[in-house]
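Asker: Sharing a structure, written as C-alpha cells. Questions coming.
Where a number appears in this text, it was derived from the coordinates with a stated rule and is not lab data. Nothing here was measured: the structure is a model prediction, and the numbers come from that model. Glycine gets a Cβ as well: all are built from the backbone with ideal geometry, and neighbour counts include every protein chain shown.
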Amino acid sequence: MRIDKYLWCIRYYKTRTLATTACKKGHVRVNKDIVKPSREIYPQDNIELRKDQVNYQIIVNDIPENRVSSKLVDIYRTDKTAKEQFETQELLKLSRDYYRKKGTGRPSKKDRRDIDNFNDETFIPET
C-alpha cells in the first residue's frame, strides 16, 4: 500500500491530499529515509512523521484494506511517540492563548500599553 494512502487509512490525515502534501514536503520518513507519496510500505516498517509540531513514530503492524474506524486503528499500527512530544504541544496551545480570548478582536490602546510596559519591565539591558 502507498504511504499516503496508509496514513489516510489509519486516520493521521483527514484527506489523502493532505497526506500526499506532507510526503512531498519531506515530513514523512520510512526507515529513516524521506519518501515520496508513492512509496510502498510493508509490515514492520518504521514511519516517522511531523504533524502539528509533533514528531510521531509509528510501527506498521498490518496493512488495512481501506480506511478504518478510529476504534480499529491500533490493530494496524503501534504508536511509539514519546509523551514529551504531546506535552510540548499542550504548552504551545497554552502559550497562544496567554491572556486574550479568541474572538475578542484587536487589542485596545490600553492593552497595547500594558504589553509594552510588560516587555519593558522584563527586559534587562546588559551593562
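Asker: For region 24-49, which positions are farther than 16 Å from TYR12 by Cα, β-branched (Val, Ile, Thr) and in contact with a strand residue (DSSP E or B) (Cβ under 7 Å, 6 or more places away or on another chain)?
Answerer: VAL35, the sole residue that qualifies.
Asker: Right, another one. Quick one: is ILE115 among the β-branched types (Val, Ile, Thr) and loosely packed, with under 15 Cβ neighbours inside 10 Å?
Answerer: The answer is yes for ILE115.
Asker: Also: Residues TYR6, TYR56, TYR12: which one is in contact with a Ser or Thr (Cβ under 9 Å, 6 or more places away or on another chain) and among the hydroxyl-bearing types (Ser, Thr, Tyr)?
Answerer: Being in contact with a Ser or Thr (Cβ under 9 Å, 6 or more places away or on another chain) and among the hydroxyl-bearing types (Ser, Thr, Tyr) holds for just one of TYR6, TYR56, TYR12, which is TYR56.
Asker: May I pose another question? Go through region 5-23 and give me each residue that's surrounded by 14 or more Cβ atoms within 10 Å (Cβ to Cβ) and either outside any helix (DSSP H, G or I) or without any contact (Cβ under 8 Å) to a residue 24 or more places away in the chain (or both).
Answerer: LYS5, ILE10, ARG11, TYR12, TYR13, ARG16, LEU18, ALA19, THR20, THR21, CYS23
Asker: In region 41-53, is there at least one residue being free of Cβ contacts under 8 Å to residues at least 40 places away in the same chain and under 30 Å from ILE115 (Cβ atoms)?
Answerer: yes
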